[in-house]
Amino acid sequence: MNLWILLTFTALAECRYQKRGAHSCPDLCSCSFPPSGAEVVCSQSSLTHFPVNGLPSNTTGLSIQSTNLNRITTSHLNVVPLLNNLQLYHNNLTSLPSDLLKEVPHLNTLDLTGNQLVHLPPNVFSHASLRSLVLKNNLFERADSEWFPDNSSLTWLDLSGNRLTGVPAALLHKLSNLENLDLSDNNLQDLQPDALKHLHHLKSLNVAGNKLSSLKPTIFTHNLKLSQLFLQENRLRELPATLLQGLQHLELLLLNQNQLQHFPSGLLDERKSSFQTILTGNPWVCDEKMEYLRKWLAAHPQNVIFLEEVTCAGPEALKHRQVVSLTDSEIGLHKIQK
């Protein structure tokens, strides 16, 4: 009888301990406990170390944001083996260990926005089946294909706001499941001809805010699912006539703030009725080469955002005129008299 009582008390004590562990919360953090697993948010600037003590063992979401955290290791994450969402943005991380994700195999989303990362070790993202990876606003000057495993499961990659001058084709070849790729606000001067070749599922590509001066005619040949293409704020001087060929799903094309003077004939043909584009902020030269764009704008005003701001930069007599308002004679076209 005494043995039975002792076992009962032992079981109750263990149950209370487990419950307390599952519903504890680290200092300087707040916790919630939905049925899917604990969610922890730590956003105090006074936080300087990973909050190991008190982390619920059933934590599935952990956000450490705007703190002075400067180090994270695999042993830290070992205490949250069920983690599937890890937000580490606006901290002071300068490096990551290569085995960081080894103990969190269920991790789906990793956000490292706004840290001080410059280099990463090989295989750093190879130990979890990541679907979304955000490396925005760090200090990367290069992206390394060795970060990722072959045939990575990533569908979302954000490398915007870094110092990249190029993106190796070998890196993108490992990311054949990508649907969203953001390379905006870097120092890209060119895209390798076959860089996007294996991205058959790509729906959104953002290379805005770079230094691209030209694009290869076949750069998007294999990206037939593209629906959003952000090319604004580059140095594009001209576009190949076949650049958008085959992109039947394209719904948004941003080309504003480039150096475009003319549009090649046929570039915007066969667009969907829902297609939208922005063309402002380019030095359009309104001569006979403007015929295609002028006619397209007149026929599709509903597809152009800020249509009235698509204006001539030259010649002097037509400066600031709306392109869509020009006549044949004004752009030097004369109808042949029969």
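The values are calculated or read from the model by the stated rules, or taken from the named source; none is laboratory data. The model shown is predicted, which means the values in this text are computed figures rather than measured ones. Cβ: placed from backbone, ideal geometry, glycine included. Neighbour counts: every protein chain shown. Keep in mind that these areas ignore ligands, DNA and RNA; they rest on the heavy atoms of the full protein, side chains included. Shrake-Rupley method; radii C 1.70, N 1.55, O 1.52, S 1.80 Å.
What distance in nm separates the two pseudo spin-label positions at Lys295 and Ser57, each 7 Å out from Cα along the beta-carbon direction?
Computed distance between label sites Lys295 and Ser57 equals 7.3 nm.
For the pairs Lys136/Lys203; Lys216/Lys295; Lys225/Lys295; Lys136/Lys272; Lys174/Lys272, flag any whose C-alpha to C-alpha distance is greater than 23 Å.
Violating the 23 Å limit, Cα to Cα: Lys216/Lys295; Lys225/Lys295; Lys136/Lys272; Lys174/Lys272.
Antiparallel versus total DSSP beta bridges in the chain: what percent is that, nearest 5?
10 percent
Can you give me the convex hull volume of the Cα atoms of the range 246-338, divided per residue and expressed in Å³?
103 Å³
Report the full-extension gain for the segment Lys216 to Ala241: residue separation times 0.36 nm, less the Cα-Cα distance, to one decimal in nm.
Working: separation 25, 0.36 × 25 = 9.00 nm, distance 1.05 nm.
Fully extending the segment from Lys216 to Ala241 adds 8.0 nm.
Rounded to the nearest 5, what is the percent of antiparallel bridges among the DSSP beta bridges in the range 199-307?
Just about 0 percent of them are antiparallel.
Please list the non-local residues whose amide H lies under 5 Å from the amide H of Cys286, H modeled 1.01 Å from N, same-chain partners needing a gap of 5 or more.
Ala313, Gly314
When you have a sec, figure out the Kirkwood radius of the range 152-240 from all distinct Cα pair distances and drop it here in Å to one decimal?
One over the average 1/r among Cα pairs gives 12.9 Å for the range 152-240.
Calculate, in whole percent, how much of the Cα-Cα pair population of the range 164-315 lies beyond 23 Å.
Percent of Cα pairs beyond 23 Å in the range 164-315: 33.
Express the carbon and sulfur contribution to the solvent-accessible surface of the range 193-289 as a percent, rounded to the nearest whole number, probe 1.4 angstrom.
About 47 percent, which is the carbon plus sulfur part of the accessible surface.
Once the Cα atoms of helix 2-22 and of the chain are each reduced to a long axis, what angle between those two axes, in degrees from 0 to 90 to the nearest 10, is obtained?
20 degrees
For the range 65-143, what mean projected area does the convex hull of the alpha carbons give, in nm²? Let's see the in-between values first.
On the way: hull surface 18.2 nm².
Reported value for the Cα convex hull: 4.5 nm².
What does the helix-only formula give at 222 nm for the chain: each DSSP H stretch with n ≥ 4 adding -39500 (n - 2.57), the total divided by the residues, and the result rounded to the nearest 500 deg cm²/dmol?
Rounded to the nearest 500, the figure is -3500 deg cm²/dmol.
Give me, ordered by chain and number, the residues 5 or more places off Gln276 or on other chains with an amide H under 5 Å from its own placed amide H.
Long-range HN contacts for Gln276: Leu252, Leu253.
Calculate, for the chain, the solvent-accessible area per residue in square angstrom, rolling a 1.4 angstrom probe over the heavy atoms of the protein chains. Walk me through the numbers before you get to the answer.
Working: 16750 Å² over 338 residues.
Accessible area per residue, the chain: 50 Å².
Non-local amide H neighbours of Ser63 (under 5 Å, H modeled in plane, Pro and chain starts lacking H): which ones?
The answer is Val40, Val41, Cys42, Gln87.
Suppose we keep just the alpha-carbon trace of the chain; what are its Rg and Dmax in angstrom?
26.9, 116
How large is ³J(HN,Hα), in whole Hz, for each residue of the range 256-267 in order, when computed from phi with the Karplus curve 6.51 cos²θ - 1.76 cosθ + 1.60 and θ = phi - 60°, using x for Gly and Pro?
Along the range 256-267, the couplings run 5, 6, 10, 10, 6, 10, 9, 10, x, 4, x, 4 Hz.
Could you derive backbone 3J(HN,Hα) for the range 221-229 from the dihedral phi with the Karplus parameters 6.51, -1.76 and 1.60 (θ = phi - 60°), listing whole Hz in sequence and x where the residue is Gly or Pro?
Going residue by residue, I get 4, 9, 10, 6, 9, 4, 10, 9, 9 Hz, with x marking Gly and Pro.
Which value in nm describes the separation of the simple spin-label points at Gln276 and Gln189, placed 7 Å from the Cα toward the beta carbon?
A separation of 3.5 nm, rounded to one decimal place.
Measuring from label point to label point, each 7 Å out along Cα→Cβ, what is the Glu316 to Thr94 span in nm?
Taking the simple label geometry, Glu316 and Thr94 are separated by 5.8 nm.
Expressed in nm², what is the orientationally averaged projection area of the convex hull enclosing the Cα positions of the range 16-123?
6.3 nm²
The range 36-103 to the range 263-338: how many Å between their Cα centroids?
The two parts, judged by their Cα centres, are 53 Å apart.
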